[in-house]
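Only one structure is covered here, and it is reproduced in the block below.
The values are calculated or read from the model by the stated rules, or taken from the named source; none is laboratory data. Note that the structure is predicted; figures quoted are calculated from it, not measured. So basically every Cβ, Gly included, is an ideal-geometry build from the backbone, and we count neighbours across all protein chains shown.
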Amino acid sequence: MSAIAQPVGDAATEVETSSLTDGFHLLIDALKLNGVETIYNVPGIPITDLGRYAQAQGLRVLSFRHEQHAGYAAAAAGFLTKKPGICMTVSAPGFLNGLTALAHATTNCWPMILISGSSEREIVDLQRGDYEEMDQLAIARPHCKAAYRILHAEDIGLGVARAIRAALSGRPGGVYLDIPGALLGQVMDAVEGEKSLIKVVEPNPASYPGPDAVTRAVDVLKSAKKPLIIIGKGAAYAQCDDKIRQLVETLGFPYLPMSMAKGLLPDTHPQCASAARSLVLKESDCVFLIGARLNWLLSHGQGKGWGEKGAKKFVQIDIEPIEMDSNQPIAAPLIGDIESCATALLDAIGSDWQKPSEEWTGAVRSKVETNVAKMAPRLKNNNSPMDYQGSLGVIKEAIAENPDVVLVNEGANALDQCRSIVDIHKPRKRLDVGTWGIMGIGMGSAVAAAVETGNQVLAVEGDSAFGFCGMEVETICRYKLPVCIVVMNNNGIYRGDGTNWGGGDDPSTTVFVKDSRYDLMMQAFGGVGVTVDNPDALRQAVKEAFASGQPTLINAVIAEDAGKESGNIGNLNPSSVVAQARYPQAKKI
Ligand code: ADP
Ligand code: TPW
Ligand code: MG
């Protein structure tokens, strides 16, 4: 700085600051007081210094290349830790980039707080065209569980406390906290400031089902001849793994884990019915939902796959009362947290519980064994280029040998095939696209998994899915995280062999540059990058990545025609007789 620009006498030296605090430090202190240890952020005005000061005050502050991935990391952290994941962004564009992740956290019922800097209220509200002007609070509100703005330094403690309680209590979700830049620079007496902070007492209190509800549920479960349990990611989030296992094993029902509930009980458990999914969904006469919603992922509990209409009774544990009857009538709702509900049920059923008949459980078991045996040889193929079975067979072995590895997974075929082929053996070891089926959660989730658990991470990524978040490989290298990414490279979205139906020179809308070298992206930032085109080579590369713990990207060459349109959910694509008649090619997909 030039001598002329330097003020005569630094203001800070003239004011005695030791008895003062400011908005920056009150915010950091409020977060620390409530157990926050990590912030996922992208710096810029007005929060650059906030990140620096937070780092100086002992918080771990991880900077991303794009807010969406910082947000996905915070969302995943919320799921993994049962504490709100914190994402911090700049105003307007940064805020909007982070908002997708906040909406994603809310949709998935995960606690997250998006803290965004914002511009001057007086100018924004008169729409005078401030730097990055936007009414962020109003825009955030419909996309999250609660949204708050703090205007005065003495209210920071209160604002943070409200945000934490809103994120965690009842059904967890995303909270928006609006921080006008001017707030951070406000100064107040340090003692008064400290007194203004609030440590939230029991942000997530137990909530117990009533005794009548428990008796009703036991009666319905007892009367079932062919019962089924469906365990959802709410149960994984609840972190009462032993209690859930005890409940499932005491009841003796076959169970289906939803995607992110895999591993709550090991997928190899004798009651696991994943490989007999169609049979149990169709034939069961009673379905007991534990932290799972009857949303699109379960066809709303209706349709051919669910057997005869009205033939099933539903029992449901959920913390959110209005979830009940949202798709099917719930004969026995249990409103409460899963641990309290499971405890109450176990107490009520006592020690003389009659498990379901061998006729039912044996039929399910034998279907599972037949299907698993049918699949086994396909998972051992050594085809080059690889198909999904051969490549994911290798991943299945790698996870079985290293059950503490956190598997992150996104894509279409790369997702659906991995979910069904790769067994998970421990709770909360699988992070994926969640309720919305979002492409691009991979790298943010991988960073959060590595940071929050300290474990090795394996991210199985469709090449398209990876493209949504690939720049974050630099973040992974910068923080030297033990993340191994396998890009399932089939040259495109669903398949790599699409053609332009108009016959022009442009490639099809669903294909990418052929034989792309995603491994070089990792090399660019000092990580390990390799290309493999057969399962033996993939096995070796994964082994080396786990042994070294180095950021690694394995570009796995998958046959262009190995995948299906939209993976397992092609039926959700709209179609019309007109379009089918006009494009005969459509039938071949
Ligand atoms: P999945 O996609 O795995 O089927 P969902 O996200 O649809 O799971 O459902 C999770 C459900 O779990 C939500 O309805 C949510 O309200 C509920 N939930 C979350 N945490 C708890 C908890 N601690 N106790 C009870 N229910 C919970
Ligand atoms: C934010 C739509 C669903 S699946 C997918 C897209 C673009 C990519 C599938 O190709 P990928 O996997 O990843 O190469 P594979 O193995 O089948 O080839 N934008 C967002 N989310 C979604 N879900 C989409 C678009 C989509
Ligand atoms: Mg692909």
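Taking Gly442, is it within 15 Å of ligand 3 (Cβ to nearest atom), modelled with pLDDT of 95 or more and touching a strand residue (DSSP E or B) at 6+ places or on another chain (Cβ under 9 Å)?
On the way: within 15 Å of ligand 3 (Cβ to nearest atom): yes; modelled with pLDDT of 95 or more: yes; touching a strand residue (DSSP E or B) at 6+ places or on another chain (Cβ under 9 Å): yes.
When the stated conditions are applied, Gly442 passes them.
Conditions tested, residue by residue: (1) over 30 Å from Thr107 (Cα atoms); (2) among the β-branched types (Val, Ile, Thr); (3) within 16 Å of ligand 2 (Cβ to nearest atom).
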residue	(1), (2), (3)
Ala292	no, no, no
Gly307	no, no, no
Ile322	no, yes, no
Asp325	no, no, no
Ala331	no, no, no
Ala348	yes, no, no
Lys355	yes, no, no
Lys374	yes, no, no
Among Gly492, Gly504, Gly498, the single one that is farther than 21 Å from Ser445 by Cα, within 15 Å of ligand 3 (Cβ to nearest atom), without any contact (Cβ under 8 Å) to a residue 24 or more places away in the chain and among the small types (Gly, Ala, Ser) is Gly498
Please indicate, with yes or no, whether at least one residue in the stretch 518-525 is of a type in the set (Asp, Glu), on the phi < 0 side of the Ramachandran plot, in a loop (DSSP other than H, G, I, E, B) and surrounded by 17 or more Cβ atoms within 10 Å (Cβ to Cβ). no
task: Could you tell me whether any residue of the stretch 124-132 is of a type outside the set (A, V, I, L, M, F, W, C) and in contact (Cβ under 8 Å) with a residue 24 or more places away in the chain?
output: yes
Among Ala562, Ala541, the single one that is among the hydrophobic types (A, V, I, L, M, F, W, C), within 12 Å of ligand 2 (Cβ to nearest atom), on the phi < 0 side of the Ramachandran plot and buried (at least 16 other Cβ atoms within 10 Å of the Cβ) is Ala562
Within the stretch 504-517, restricting to residues that are closer than 17 Å to Ala465 by Cβ and loosely packed, with under 12 Cβ neighbours inside 10 Å, the one that is nearest to ligand 1 (Cβ to nearest atom) is Thr509
Taking the stretch 533-554 and keeping residues assigned to a strand (DSSP E or B) and away from ligand 3 (no atom under 16 Å from the Cβ) leaves Thr552
Checked the stretch 183-209 for anything touching a residue at least 12 places away in the same chain (Cβ under 8 Å) and out of contact with any helix residue (DSSP H, G or I) (no Cβ under 8 Å at 6 or more places or on another chain); matches are Asp189, Ala190, Val191, Pro205
Taking the condition touching a strand residue (DSSP E or B) at 6+ places or on another chain (Cβ under 7 Å), surrounded by fewer than 20 Cβ atoms within 10 Å (Cβ to Cβ) and not in a helix (DSSP H, G or I), does Val557 pass? no
query = Condition test on Ala581, is it assigned to a helix (DSSP H, G or I), surrounded by 17 or more Cβ atoms within 10 Å (Cβ to Cβ) and more than 26 Å from the chain's Cα centre (by Cα)?
reply = no
Being over 16 Å from the mean Cα position of the chain (by Cα) and at pLDDT 95 or above narrows Glu461, Glu452, Glu474 down to just Glu474
Taking the stretch 66-123 and keeping residues buried (at least 24 other Cβ atoms within 10 Å of the Cβ) and free of Cβ contacts under 8 Å to residues at least 12 places away in the same chain leaves none
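Check the stretch 409-419 and report whether any residue there is at pLDDT 95 or above and more than 16 Å from ligand 3 (Cβ to nearest atom). Please lay out each step first, then the result.
Of the residues in the stretch 409-419, the ones at pLDDT 95 or above are 409-419.
So of that shortlist, the ones also more than 16 Å from ligand 3 (Cβ to nearest atom) come out as none.
No, that holds for no residue.
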(request) Tell me, please, whether a residue that is of a type outside the set (A, V, I, L, M, F, W, C), at pLDDT 95 or above, within 21 Å of Asp212 (Cβ to Cβ) and not in a helix (DSSP H, G or I) can be found in the stretch 295-315. (result) yes
Among the residues of the stretch 395-416, the number that are more than 10 Å from ligand 2 (Cβ to nearest atom) and in contact with a strand residue (DSSP E or B) (Cβ under 9 Å, 6 or more places away or on another chain) is 9
Ala459: passes all of (1) within 16 Å of ligand 3 (Cβ to nearest atom); (2) in contact (Cβ under 8 Å) with a residue 60 or more places away in the chain; (3) among the small types (Gly, Ala, Ser) but (2)
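For the stretch 340-376, enumerate the residues that are within 16 Å of ligand 1 (Cβ to nearest atom) and surrounded by 18 or more Cβ atoms within 10 Å (Cβ to Cβ).
Hits for the stretch 340-376 are Ser340, Cys341, Ala342, Thr343, Ala344, Leu345.
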What do you reckon, is Leu247 closer than 17 Å to Asp318 by Cα and at pLDDT 95 or above?
-> yes
